[in-house]
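*Asks:* Below: one structure in structure tokens.
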Amino acid sequence: MVRMNTARLCALLALACAACGDSTGPGTGPGTGPDPDRVRFKLVDVGSYTSCGLTGDGVVYCWGKNGAGQLGRGDTVSSPRPRPLSGNLRFTQISVGDEHACGIASGGGTYCWGKNEHGQLGSGGTAPTLVPVRVAGAEVFDRVAAGGFNTCALRADGAAFCWGRNESGTLGTGTRGAESASPVAVAGGLRFQSLSVGGGHACGVTLENLAYCWGQGPTGATVRDIEANGSAPVPVQGGLSFSVVRAGEFMTCGLTTEGAAYCWGFDGSGGLGRGTTYDRGFGGEFPAPQKVASAQRYVSLSTGGQQSCAVTEQGAAFCWGWNMYGNLG
């Protein structure tokens, strides 16, 4: 999740028929795309400027802005229609960040493509790549999460690793400053069931359903904890039991194991869902989780720059926060 993007769950609703149109074949040039009768996605993920979808047989299609090669097609031509990645890789999971994307290959290995000035592709260097490149190192990951200038991933045992920019401690190593173009272990020895990477911070939910965050921004941790731990994971205030936490750019939201939504961070556009807005610049920040003003029970959640969306047990979608471009649907 990533900078100023439309919230992923709103995008899921809007892109459920992402391949719809009048194209008669897969095509490879600008503006062409797959036949909507032959392509169905089992999931899509949305970044700041690009979206990618994963089919049931593991093929990845991407569309949108492509100035950094984040469509993974070997060129920098943007496309309004889905275009398959170059190569014959098949994936089990994908994640789209600011101007890069990553996926877990079904045959093993983690691959990334797109912008790489901070080493966010994990390739061992900082050269951008227009096609998928394998993440360096011997670690085998089950899940990957791409963010603004960072990427994090989980091993099967729940151990977390991150790579990319570390100015604000987003790598979770306990130190700030030194970037890494290959995976480094997150400090603390915690085991996570899920991870989410935002603009300058990352969060994870442990196997015990406790939320931890690291980096700078809406981490939900106390200033004392951040200073004492030097950008290693710190517990989110309140001791809530979370099923999922999603890191955005200016805020973070999570669902408790009971299905209640909580948010923390910047509330200038009502992004915390408290029923009010604090529109006084970046002073309107709430470091501790605030309960969203809703009696609904939610089963999934996604957070963007200043807006979030969640889906109820009955399949209804609710959104809150920034709405300048109709983000709330």
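*Asks:* So how long is each side of region 169-281 along the principal axes, counting just the alpha-carbon atoms, biggest first, in Å?
*Replies:* Principal-axis extents of the Cα atoms in region 169-281, largest first: 41, 33, 26 Å.
*Asks:* Still on this structure: What is the Cα radius of gyration of region 75-161 over 2.2 N^0.38 Å, N being its residue count?
*Replies:* On the way: Rg = 12.4 Å, N = 87, 2.2 N^0.38 = 12.0 Å.
The value comes to 1.03.
*Asks:* Could you give the C-alpha radius of gyration of region 30-126 expressed as a fraction of 2.2 N^0.38 Å, taking N as the number of residues it contains? Walk me through the numbers before you get to the answer.
*Replies:* On the way: Rg = 12.4 Å, N = 97, 2.2 N^0.38 = 12.5 Å.
Dividing the Cα Rg of region 30-126 by 2.2 N^0.38 Å gives 0.99.
*Asks:* Once the Cα gyration tensor of the chain is found, what semi-axes does its equivalent ellipsoid get, as square roots of 5 times the eigenvalues, in whole Å, sorted largest first?
*Replies:* 30, 24, 17
*Asks:* Continuing with this model, one more query. State, as an integer percentage, the relative contact order of the chain based on alpha-carbon contacts under 8 Å between residues 6 or more apart. Write out the running numbers ahead of the final one.
*Replies:* Values: 1064 pairs, mean separation 41.6, N = 329.
Worked out over the chain, it gives 13 percent.
*Asks:* Could you check how much of the accessible area of the chain is carbon and sulfur, as a whole percent, using a 1.4 Å probe?
*Replies:* Details: 6640 of 13000 Å².
Of the solvent-accessible surface of the chain, carbon and sulfur hold 51 percent.
*Asks:* Here is a follow-up. Taking every DSSP beta bridge with both residues inside the chain, roughly what % is antiparallel (nearest 5)?
*Replies:* For the chain, the DSSP antiparallel bridge percentage is about 100.
*Asks:* If you count only protein heavy atoms with a 1.4 Å probe, what accessible area per residue comes out for the chain, rounded to a whole Å²?
*Replies:* Value returned for the chain: 40 Å² of accessible area per residue.
*Asks:* On to the next question. Rounded to the nearest 20 Debye, what is the dipole magnitude of region 39-112 about its Cα centre when Lys and Arg each give +1 and Asp and Glu each give -1 at the C-beta?
*Replies:* Using Cβ point charges on Lys, Arg, Asp and Glu, region 39-112 gives about 240 debye.
*Asks:* Could you tell me the relative contact order of region 199-264? Use alpha-carbon pairs under 8 Å, at least six residues apart, and round to a whole percent.
*Replies:* The normalised contact order for region 199-264 reaches 31 percent.
*Asks:* How high is the relative contact order of region 184-236, in percent, with contacts defined as C-alpha pairs under 8 Å that are six or more residues apart?
*Replies:* Relative contact order here is 30 percent.
The values are calculated or read from the model by the stated rules, or taken from the named source; none is laboratory data. Predicted model, so just to flag it, every value in this text is computed and none were measured. Cβ: placed from backbone, ideal geometry, glycine included. Neighbour counts: every protein chain shown. Heads up: the accessible areas ignore ligands, DNA and RNA and are worked out on the full protein's heavy atoms, side chains in. Shrake-Rupley method; radii C 1.70, N 1.55, O 1.52, S 1.80 Å.
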